[in-house]
1. When you check residue 91 against the structure, is it surrounded by 16 or more Cβ atoms within 10 Å (Cβ to Cβ), in contact with a strand residue (DSSP E or B) (Cβ under 8 Å, 6 or more places away or on another chain) and farther than 19 Å from residue 29 by Cα, yes or no?
2. Here are 114, 92, 59: which of them is closer than 30 Å to residue 3 by Cβ and out of contact with any Phe, Trp or Tyr (no Cβ under 6 Å at 6 or more places or on another chain)?
3. Please go through segment 98-124 and give me each residue that is aliphatic (A, V, I, L, M), over 14 Å from residue 68 (Cβ atoms) and in a strand (DSSP E or B), ordered by number.
4. Report the residue count in segment 124-143 for those that are charged (D, E, K, R), at pLDDT 95 or above and more than 11 Å from the chain's Cα centre (by Cα).
5. Could you check segment 134-156 and list, in sequence order, the residues that are over 30 Å from residue 103 (Cα atoms) and hydroxyl-bearing (Ser, Thr, Tyr)?
6. Only residues that are of a type in the set (Lys, Arg) and part of a strand (DSSP E or B): list them for segment 45-95, please.
Amino acid sequence: MVRENEIRPSEVAVDAGLMFIGVIRTPWASRLVTPRQGRADGPVCRIEILDPWREALDGIEKFERLEMLYWLHLSRRDLVRQSPANDGTSRGTFALRSPARPNPIGTSIASLVGVEGSTLMVRGMDCVDGTPLLDLKPDRALFKPVAPPQASDFETG
């Protein structure tokens, strides 16, 4: 149940210039059956990259894990407060991992299982079938700093 004080008035959206680069294919047809978090031992899902971006996959097979950014197209965007399931409390949207957000961007770290042309097979997704893909990149945890840290790296000014 949504309370009146949990919704903020809508306004005209300002285009951020985002474009979808693909579609995520999962076994989940609705949000009600979609897992709350992806699992490393979850089902193999398909990331279908649209043709204009096919060449952007060059070299992706060298990485074990990928960070997926996707648009949670079925989510509400007007909630400023939410009541988590089985919690009995109300919290601010930014204090939750709920898919209902002003800009409903989802993220998952997925294990790359294979590449077939412009389709990636991955494990670890947690979104409904047909979710639009915004971006993907190698998991940042796979990268080590190029040079040792220096004192000036921590200065602010």
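The values are calculated or read from the model by the stated rules, or taken from the named source; none is laboratory data. Source: prediction; values computed, not measured. Backbone-built Cβ (ideal geometry, glycine too); neighbour counts: all protein chains shown.
1. Values: surrounded by 16 or more Cβ atoms within 10 Å (Cβ to Cβ): no; in contact with a strand residue (DSSP E or B) (Cβ under 8 Å, 6 or more places away or on another chain): yes; farther than 19 Å from residue 29 by Cα: yes.
Considered against the rule, which asks whether it is surrounded by 16 or more Cβ atoms within 10 Å (Cβ to Cβ), in contact with a strand residue (DSSP E or B) (Cβ under 8 Å, 6 or more places away or on another chain) and farther than 19 Å from residue 29 by Cα, residue 91 comes out as no.
2. Numbers: 114 fails: closer than 30 Å to residue 3 by Cβ; 59 fails: closer than 30 Å to residue 3 by Cβ.
Of 114, 92, 59, the one residue that is closer than 30 Å to residue 3 by Cβ and out of contact with any Phe, Trp or Tyr (no Cβ under 6 Å at 6 or more places or on another chain) is 92.
3. Initial filter on segment 98-124 (aliphatic (A, V, I, L, M)): 100, 105, 109-110, 112-113, 115, 120-122.
Those still in the list that are over 14 Å from residue 68 (Cβ atoms) too: 100, 115.
Correct list: 115 only.
4. Going through segment 124-143 one residue at a time, the tally reaches 2.
5. Within segment 134-156, just 152 meets the criteria.
6. Looking only at segment 45-95, we keep the residues that are of a type in the set (Lys, Arg), and these are 46, 54, 62, 65, 76-77, 81, 91.
If the condition is that a residue be of a type in the set (Lys, Arg) and part of a strand (DSSP E or B), then 46, 65, 81, 91 are the ones that fit.
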